[in-house]
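Heads up, the thing below is written out as structure tokens.
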Amino acid sequence: MNGKLHSETGAFSADNMRAEILNPFVHKLELDNTFDKIKTAIFTVILLPFRVVVICHLIVAAWVLACIGLYGLSEDDLRRKPMTGWRSKLRISILSLMRLVVIAAGFHRVRVIGRQHVPSNSREAPVIVIAPHSTFFDAIAIVCLGAPSVVAKADTARLPFIGQLINYTQPVYVWRDDPNSRQNTIKEIIERATSKEDWPQVLIFPEGTCTNRSCLITFKPGGFYPGVPVQPVTIRYPNARDTVTWTWEGPGALKLLWLTLTQVHSSCEIEFLPVYYPNEDEKRDPKLYARNVRDVMAKALGVPVLDYTYDDCRLIAKAKHLGIPGAANVREVQELRAQLGLERSQLELHLAGQKVGDRSRWLSPQEFAQRLGVPFDHRSQRLFDIFVQRSSGLMYFPDYLLCAVFLCLQHAPLSQLVSYAFKLYDSSRSGRLNMGNFEEVASKCLGLCQEDAHNTFRQADLHERGYLTYDEFISYAQKRSEFTQLFASDTSHHKPKAQ
């Protein structure tokens, strides 16, 4: 392998079977030898500028045509009825240019397997379901499918040049901040799927976020509410080096674009599965319909299914932002805690509310299970492995408790988490944190670097006594705008989620 996709084992699927990949939101890409680095450097100079120039010219040309085709049409016009006449025919020219963009980007090998239901038969399968969704390069599938109407975040409409091209597909936009977005999106999908007018097929990425293609996460049921037949479509990137995967933890978009455009060629494989016709139970229960379609697609891909969602992405991102120990694995920690009964017992909150003595800070696997009052088995062992310090082979128990408290209080004001952290990292057990202890707290639940934590301690320690209590820190934080997040509750879980 020229590049490596590092992943860990141990996640649980819905049926409690061990899944191969731990975290579907992590992708690590490395140029792991000198030859790869030299080759990438050479193609950066020789190949990259040529491809960028060609791609830019093609996109601008397609954008100009899209602007012409959209001239005189309002957003309401695009949502009210499908394009007809010369505007519809112009779509063919735009698609031709976008196919050239795909080739110019190095995707000379786009292999199509199976048969797509052509637009004249789109009423038989008015909804196309594509998975796994792992990258912005999935737009290749949109081009190959003839530019169906995509269900996309509203922000994409504001992207330079690309926004107009997406608008030309007459998309169904999702407004994540609109509390009525879920209902409006479902309503629009139903109207198009059941309309007698010649609407393009509606294309949905039901996972709602990007993963590393190691599994299929929970399908959002929005596209399944109409209860109409859907055509599942799988997408693969069978390349020696995975330069396309774009996840919450991993290379950024520009790096992936650079590494992909400096490959001699890249491959993409699109497979059309047979149209899925829902039974009466599935028509009544969109979530059941979504799960069953996911099972069919997972079987075709040969990957497990995991009940991870977009909200899990947000949870992981929040944990990483704050510096919570084990942040990348908080979804699995949550799953394991639930299976061990810890989520219901709230034992960790009780333990974290006490002062942890020196002898109780470093634990072996058996001692860890004993402290939590759970069986010493593969589940408690896996929890231990997530937080183990490799140098000593022991777990730092305050780190685990802080992660558990974060999960228990994830929708409460951050100040509550900080109050527990002051007790967990109080090595003197005096109710006061010295500079070192405070820096530990600040880095693990406030997301501060050492320098910022040091400066915060100095400013909050008004009497220069060399220590801070929780009340003294909160009193200081209430006067500082940069700490307003401490006192705000996370109410996002009350809002209906877009499908």
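The values are calculated or read from the model by the stated rules, or taken from the named source; none is laboratory data. Predicted model only: the values in this text are computed from it and were never measured. Reconstructed Cβ throughout: ideal geometry from the backbone, glycine too, with neighbour counts over all protein chains shown. We work out accessible area using only protein heavy atoms, side chains counted, and drop any ligands, DNA or RNA first. Shrake-Rupley method; radii C 1.70, N 1.55, O 1.52, S 1.80 Å.
At a glance:
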quantity	calculated
Over the stretch 368-499, relative contact order from alpha-carbon pairs under 8 Å, at least 6 apart, %	21
DSSP bridge orientation in the chain - percent antiparallel, rounded to nearest 5	35
D_trans [Stokes-Einstein, Kirkwood Rh over alpha-carbon pairs] for the stretch 384-436, 37 °C, 0.692 mPa s, µm² s⁻¹	267
Shape of the stretch 45-174, Cα gyration tensor, a/c cut at 1.5	oblate
Tensor-based shape of the stretch 170-273 (alpha-carbon gyration tensor, a/c under 1.5 rounded, otherwise prolate or oblate)	prolate
Translational diffusion of the stretch 227-266, µm² s⁻¹ [Kirkwood Rh, Cα pairs; Stokes-Einstein; 20 °C; 1.002 mPa s]	175
Long pairs among Lys28/Lys318; Lys153/Lys287; Lys255/Lys287; Lys81/Lys153, criterion Cα-Cα beyond 27 Å	Lys255/Lys287
Extended-chain gain in nm, criterion 0.36 nm per residue less alpha-carbon gap, Cys67 and Gln370	102.4 nm
FRET E, pair Arg236, Thr484, Förster distance 41 Å, beta-carbon r, rounded to 0.05	0.35
Average Cα contact separation per residue, the chain, under 8 Å, 6 or more apart, as relative contact order %	16
Degrees between helix 34-46 axis and first principal axis of the chain (Cα, 0 to 90, nearest 10)	50
Cα-based convex hull, the stretch 159-212, per residue volume (Å³, whole number)	115
Measure of compaction for the chain (Cα Rg per 2.2 N^0.38 Å)	1.11
Inter-probe distance in nm under a simple model that places probes 7 Å from Cα toward Cβ, at Asp385 and Trp362	2.3
Accessible area of the chain belonging to carbon and sulfur atoms, whole % at 1.4 Å probe	55
Crossing angle, helix 286-301 versus the chain [Cα axis fit, 0-90 degrees, rounded to tens]	80
Per residue accessible area of the stretch 125-247, 1.4 Å probe, in Å²	32
Relative contact order (percent, whole number), the stretch 334-423, Cα cutoff 8 Å, 6+ residue spacing	35
Virtual spin-label span in nm between Ile92 and Ala157, 7 Å along Cα→Cβ	2.9
With DNA, RNA and ligands ignored, accessible area of Asp32 (1.4 Å probe; Å², nearest 10)	60
C-alpha long axis of helix 310-322 to longest principal axis of the chain, angle in °	40
